[in-house]
Amino acid sequence: MKYDNEILNQIDGIGFTSVNGVMCFKDFDRIRLSKIYAVGRSTAMAIMNKGFPDVKVPTEFTVNSMIQLMLNDGLKNPVVVRSKVGYERDRELIRNVVFLVDYDLEVIEHNLERAKSLIKECRVDIVVVTSSKIASLIKDSISNCIKIVSIGPITSSALEGVNNIYEAKQHDINGVLNIISDLLRDSNG
């Protein structure tokens, strides 16, 4: 996605909300002197793999916690890189930062319909949901026979009314894997 390149000339810190945001960001050469932040260890590792060894991660893996850490560190011009969906959801709630929208989610209708069918017909045991957008798209297809693993509180809130949600304690892919491991161990006795 396009954004105003002048924004990067004025920042003192930048935060990434997801691995996807890191993968889509093309201006790492322009942020070498900025403080770098990430929501979660997986996102931090993706940034480190781009040559940035010093990445700050809040103790709670949420966008709000990362922004609060940025502000507590005294940043005057923080920027947060995020998806179009995240930006549209949070833009009115968070006014202290500039958002760079660097990617969007595309719904592939035939894949969505297939997933909804598998879920509705209980042909899978566990469904992992990693975004509120995905949650909103599949919510009405969820049956009580399936366990839903949510990556975090925003995703879980989009599943309001669904009873069989297991939310990761650590809001990243490792937290999701821990929950799946626990569920599989419990089902195997």
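The values are calculated or read from the model by the stated rules, or taken from the named source; none is laboratory data. No experiment lies behind these values; they were computed from the predicted model shown. Note that each Cβ is placed from the backbone with ideal geometry, even for glycine, and that neighbours are counted across all protein chains shown.
What the table below lists for this structure:
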{"read-out": "Yes/no for SER181 being of a type outside the set (A, V, I, L, M, F, W, C), assigned by TED's automatic domain parsing to the domain that holds LYS133 and either touching a helix residue (DSSP H, G or I) at 6+ places or on another chain (Cβ under 9 Å) or crowded, with 17+ Cβ neighbours inside 10 Å (or both)", "value": "no"}
{"read-out": "Qualifying residue in region 21-35 (condition: crowded, with 19+ Cβ neighbours inside 10 Å and under 12 Å from the mean Cα position of the chain (by Cα))", "value": "yes"}
{"read-out": "Top-ranked residue of region 116-159 - restricted to ones that are of a type in the set (A, V, I, L, M, F, W, C) and more than 21 Å from ASN178 (Cα to Cα), ranked as surrounded by the fewest Cβ atoms within 10 Å (Cβ to Cβ)", "value": "CYS122"}
{"read-out": "Enumeration of residues in region 91-147 that are closer than 30 Å to SER187 by Cβ, of a type in the set (D, E, K, R) and assigned to a loop (DSSP other than H, G, I, E, B)", "value": "GLU121, ARG123, ASP125"}
{"read-out": "Test: residue in region 99-117 that is among the aliphatic types (A, V, I, L, M) and within 21 Å of ILE165 (Cα to Cα)", "value": "yes"}
{"read-out": "Exclusive hit being on the phi < 0 side of the Ramachandran plot, touching a residue at least 40 places away in the same chain (Cβ under 8 Å) and acidic (Asp, Glu), set ASP140, ASP182, ASP172", "value": "ASP172"}
{"read-out": "Condition check for ASP54: in contact (Cβ under 8 Å) with a residue 12 or more places away in the chain, over 20 Å from THR155 (Cβ atoms) and loosely packed, with under 14 Cβ neighbours inside 10 Å", "value": "yes"}
{"read-out": "Condition check for VAL128: in contact (Cβ under 8 Å) with a residue 40 or more places away in the chain and in contact with a Phe, Trp or Tyr (Cβ under 7 Å, 6 or more places away or on another chain)", "value": "no"}
{"read-out": "Leading residue by the ranking (surrounded by the fewest Cβ atoms within 10 Å (Cβ to Cβ)) among those in region 88-109 that are within 12 Å of LYS133 (Cα to Cα) and without any contact (Cβ under 8 Å) to a residue 40 or more places away in the chain", "value": "GLU106"}
{"read-out": "Within region 68-85, considering residues that are assigned to a loop (DSSP other than H, G, I, E, B) and touching a residue at least 40 places away in the same chain (Cβ under 8 Å), the one farthest from the chain's Cα centre (by Cα)", "value": "LYS76"}
{"read-out": "Residues (outside any strand (DSSP E or B), within 15 Å of the chain's Cα centre (by Cα) and of a type outside the set (Val, Ile, Thr)) located in region 148-176", "value": "GLY152, PRO153, SER156, SER157, ALA158, ALA168, LYS169, GLN170, HIS171, ASP172, ASN174, GLY175"}
